[in-house]
Amino acid sequence: MFEIRDLPRQIDPRLVRLLEQVETATVGHFLHSQFADAALRGVLPETRVAGTAVTLRIPGADSTLLHHALALVRPGDFLVIDRAGDTRHACWGGVVTNAAKLAGVVGAVIDGPATDFNEIRRCEMPVWCRGPSPITTKLLGLEGAMNVPVSVGGCAVEPGDAVLADESGVLFLKPGQIQAVAERAIGMQERELGLLDRLRAGEKLPDISGATAKVMAAR
């Protein structure tokens, strides 16, 4: 059985551009949830993308729904794929990479393996997954769900959530969180540049951060 719900409302492009200025590791200084399991790693180096979550739940060896979804997705969508616990079959490979890229999909996060990493890199398609597998899914026509709540990398993700992914990891945000989280992170990144200037000028990190003062006070 296939369950296919309407595509979610896309996130305002202005907010997407704002989010793309943010490093996930900066957000990790003040937010401790909503990050996918660190085992989900980017195939491309030094890539950062953000977009609107379009969710899929694909069971076992059947990727029929993923192929169907590639005719429905829009530019700016970020595919978030729940593999329902399957860590053996790669649902994402070279042909899917090309189809997604041509459809304007900005990225994909897969809670399972992928294959054809060379093609993913050739197409410069941002993909996060649990590593490679040579065993692929098939078009079995069994079941799946699209645009339903899913679990990916230990996170509950709803269609229409924001996805931010880079070389440090994957972060999911509710649309209402984007502005505040992004502005706080960008401010921290700007202050970090000032800190680096102070280090280059000869100051010591523990003196700037206050770590030395804390150690001395606790002795």
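Of the residues 197, 166, 207, 161, which single one is in the same structural domain as residue 79 (by TED's automatic domain parsing), charged (D, E, K, R) and more than 23 Å from residue 45 (Cβ to Cβ)?
On the way: 197 fails: in the same structural domain as residue 79 (by TED's automatic domain parsing); 166 fails: more than 23 Å from residue 45 (Cβ to Cβ); 207 fails: in the same structural domain as residue 79 (by TED's automatic domain parsing).
From the options 197, 166, 207, 161, the qualifying one is 161.
Condition check ((1) of a type in the set (Asp, Glu); (2) touching a residue at least 12 places away in the same chain (Cβ under 8 Å); (3) more than 14 Å from residue 145 (Cα to Cα); (4) outside any strand (DSSP E or B)) across all residues:
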{"position": "7", "(1), (2), (3), (4)": "no, yes, no, yes"}
{"position": "38", "(1), (2), (3), (4)": "no, yes, yes, yes"}
{"position": "46", "(1), (2), (3), (4)": "yes, yes, yes, yes"}
{"position": "54", "(1), (2), (3), (4)": "no, yes, no, no"}
{"position": "65", "(1), (2), (3), (4)": "no, yes, no, yes"}
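Given the options 61, 90, 71, name the one that is surrounded by fewer than 24 Cβ atoms within 10 Å (Cβ to Cβ) and either free of Cβ contacts under 8 Å to residues at least 60 places away in the same chain or touching a Cys at 6+ places or on another chain (Cβ under 8 Å) (or both).
Details: 61 fails: either free of Cβ contacts under 8 Å to residues at least 60 places away in the same chain or touching a Cys at 6+ places or on another chain (Cβ under 8 Å) (or both); 90 fails: surrounded by fewer than 24 Cβ atoms within 10 Å (Cβ to Cβ).
Matching residue, one of 61, 90, 71: 71.
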Please go through the range 194-214 and pick out each residue that is loosely packed, with under 11 Cβ neighbours inside 10 Å and outside any helix (DSSP H, G or I). 201, 202, 210
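Quickly run through the range 170-188 and pick out the residues that are farther than 15 Å from residue 160 by Cβ and surrounded by fewer than 14 Cβ atoms within 10 Å (Cβ to Cβ). Walk me through how you get there before you give the answer.
Going through the range 170-188, the residues farther than 15 Å from residue 160 by Cβ turn out to be 170-171, 179-188.
Those that are farther than 15 Å from residue 160 by Cβ and surrounded by fewer than 14 Cβ atoms within 10 Å (Cβ to Cβ): 180, 183, 187.
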Picked from the range 14-58 (must be modelled with pLDDT of 95 or more and charged (D, E, K, R)), the residue surrounded by the most Cβ atoms within 10 Å (Cβ to Cβ) is 57
Pairing a residue in the range 99-111 that is over 23 Å from residue 167 (Cβ atoms) with any residue that is buried (at least 24 other Cβ atoms within 10 Å of the Cβ), where Cβ atoms lie under 9 Å and the two sit 6 or more apart in sequence or on different chains, gives 99/105; 103/77
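Residue check: is residue 87 closer than 22 Å to residue 168 by Cα and over 16 Å from the mean Cα position of the chain (by Cα)?
Working: closer than 22 Å to residue 168 by Cα: yes; over 16 Å from the mean Cα position of the chain (by Cα): yes.
So residue 87 passes the test.
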Yes/no for residue 135 being modelled with pLDDT of 95 or more and surrounded by fewer than 14 Cβ atoms within 10 Å (Cβ to Cβ): yes
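Looking at 109, 80, 163, can you tell me which residue is crowded, with 21+ Cβ neighbours inside 10 Å, part of a strand (DSSP E or B) and in contact with a Cys (Cβ under 8 Å, 6 or more places away or on another chain)?
Numbers: 80 fails: in contact with a Cys (Cβ under 8 Å, 6 or more places away or on another chain); 163 fails: in contact with a Cys (Cβ under 8 Å, 6 or more places away or on another chain).
The match here is 109.
The values are calculated or read from the model by the stated rules, or taken from the named source; none is laboratory data. The structure presented is a predicted model; accordingly, all values stated were derived computationally and were not measured. Neighbour counts are summed over all protein chains in view; Cβ atoms, including those assigned to glycine, are modelled from backbone coordinates with ideal geometry.
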